[in-house]
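The values are calculated or read from the model by the stated rules, or taken from the named source; none is laboratory data. Predicted model, so just to flag it, every value in this text is computed and none were measured. Quick reminder, even Gly has a Cβ in these numbers, built from the backbone with ideal geometry, and neighbours come from all protein chains shown. Remember, those area values only see protein heavy atoms, side chains included, never the ligands or the DNA or RNA. Shrake-Rupley method; radii C 1.70, N 1.55, O 1.52, S 1.80 Å.
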Amino acid sequence: MASRVGVVVFPGSNCELDVVEAVRGLGGEAELLWHGDASLGGVDAVVLPGGFAHGDYLRPGAIARFSPIMRAVDAFASDGGPVIGICNGFQVLCESGLLPGALQKNAGLKFLCKPVVVRVETDTTALTVDVRVGRELRIPINHFEGNYTCLPDTLAELRADDRIVLRYTDNPNGSVDDIAGICSAGRNVVGLMPHPERACHPLLGSTDGAPLLRSLLVRAGALAA
Amino acid sequence: MRFAVLVETRLRDGVADPQGATIERSLPALGFDGVSGVRVGKAFRFTIESDDAAAARAEVADMCKRFLTNPVIEDATISVEGDGAT
């Protein structure tokens with residue numbers, strides 16, 4: 001059976017079909033997973049998509065961790081399975097403790113929706129295994145709470161362990177150390193604010209998101225590196 | 001016993017509060033000069049069944065740490081009716 005990417009749908013998610021479309025365009029298989037289900041159905045990779053899970057009530061991502069599927073995601077991640085959180089999905093990963101730190105309101109207090117350039121800082125994560133370090137990618141952001149912050153000790157640890165996956169070349173939101181994406185200690189869980197699924201077709205203005213999602217497919221065993 | 005609880009959460013000192021900063025910058029336009037240190041937060045009011053005020057406070061503190069706040073960026077002040085302390 002071919003490797004499959006499961007894209008979790010929470011009430012309020014709104015980028016799930018974009019991810020499915022992008023994965024299929026890259027030659028992978030993708031399917032939607034409902035947040036109320038307790039099982040991942042045997043998928044080989046998980047994506048938590050952008051949107052407003054549970055209406056962003058309390059804080060973005062704060063309620064999603066109570067969705068039954070998150071227990072399965074947690075177990076999958078603990079076993080080393082690749083899990084990617086994009087935008088609101090990144091917020092969910094931080095709130096559920098799969099990634100450290102938090103995403104606060106953009107420093108300029110503006111909702112930002114525009115292409116930005118990010119630099120790939122490591123090629124040993126589930127999202128960058130097929131990308132050269134130092135490569136700059138032009139990918140859209142679309143968020144109000146994307147200003148990554150963490151305790152000084154956490155930042156030191158992220159730097160020391162090479163866990164900063166993507167950095168903005170021109171910081172749009174005030175994120176500490178220009179962080180656009182980080183990974184877990186096991187390097188299999190990655191959260192990022194930019195939307196690679198929105199940069200996977202020439203008609204969208206950029207195909208720079210493709211190498212990132214292709215990396216995920218490589219890590220999931222669907223494609224050869 | 002049932003205790004009335006007020007939890008106020010706000011961004012921790014040192015965490016940028018763009019909403020607070022924007023409000024602070026806007027106040028002089030209405031003639032409110034001399035205002036500084038504006039911080040925007042949330043308030044939660046509820047009642048809780050507990051043996052005594054101390055137990056209620058301990059439970060609410062745990063609630064804050066695990067759910068009502070994100071301890072990376074937020075602090076909470078807990079008031080329990082009849083507790084005396086804040």
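Summary of values
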read-out: Matching option when the condition is within 24 Å of A:T128 (Cβ to Cβ), open to solvent by less than 40 Å² (accessible area, probe 1.4 Å) and at pLDDT 95 or above, among A:A72, A:A53, A:A30; value: A:A30
read-out: Qualifying residue in segment A:108-120 (condition: buried (at least 17 other Cβ atoms within 10 Å of the Cβ), assigned to a loop (DSSP other than H, G, I, E, B) and either within 14 Å of chain B (Cβ to nearest Cβ) or in contact with a strand residue (DSSP E or B) (Cβ under 6 Å, 6 or more places away or on another chain) (or both)); value: no
read-out: Residues of segment B:1-25 satisfying the condition of being exposed (fewer than 12 other Cβ atoms within 10 Å of the Cβ) and assigned to a helix (DSSP H, G or I); value: B:R25
read-out: Given (1) assigned to a helix (DSSP H, G or I); (2) within 13 Å of chain B (Cβ to nearest Cβ); (3) aliphatic (A, V, I, L, M), index of the condition A:A156 fails; value: (2)
read-out: Residue among B:V38, B:V72, B:V60 that alone is over 20 Å from A:A102 (Cα atoms), in contact with a Gly (Cβ under 9 Å, 6 or more places away or on another chain), outside any strand (DSSP E or B) and open to solvent by less than 40 Å² (accessible area, probe 1.4 Å); value: B:V38
read-out: Residue count for segment A:121-160, restricted to those that are open to solvent by less than 10 Å² (accessible area, probe 1.4 Å), of a type in the set (A, V, I, L, M, F, W, C) and under 16 Å from the mean Cα position of the chain (by Cα); value: 6
read-out: Leading residue by the ranking (least open to solvent (accessible area, probe 1.4 Å)) among those in segment A:167-223 that are basic (K, R) and assigned to a helix (DSSP H, G or I); value: A:R198
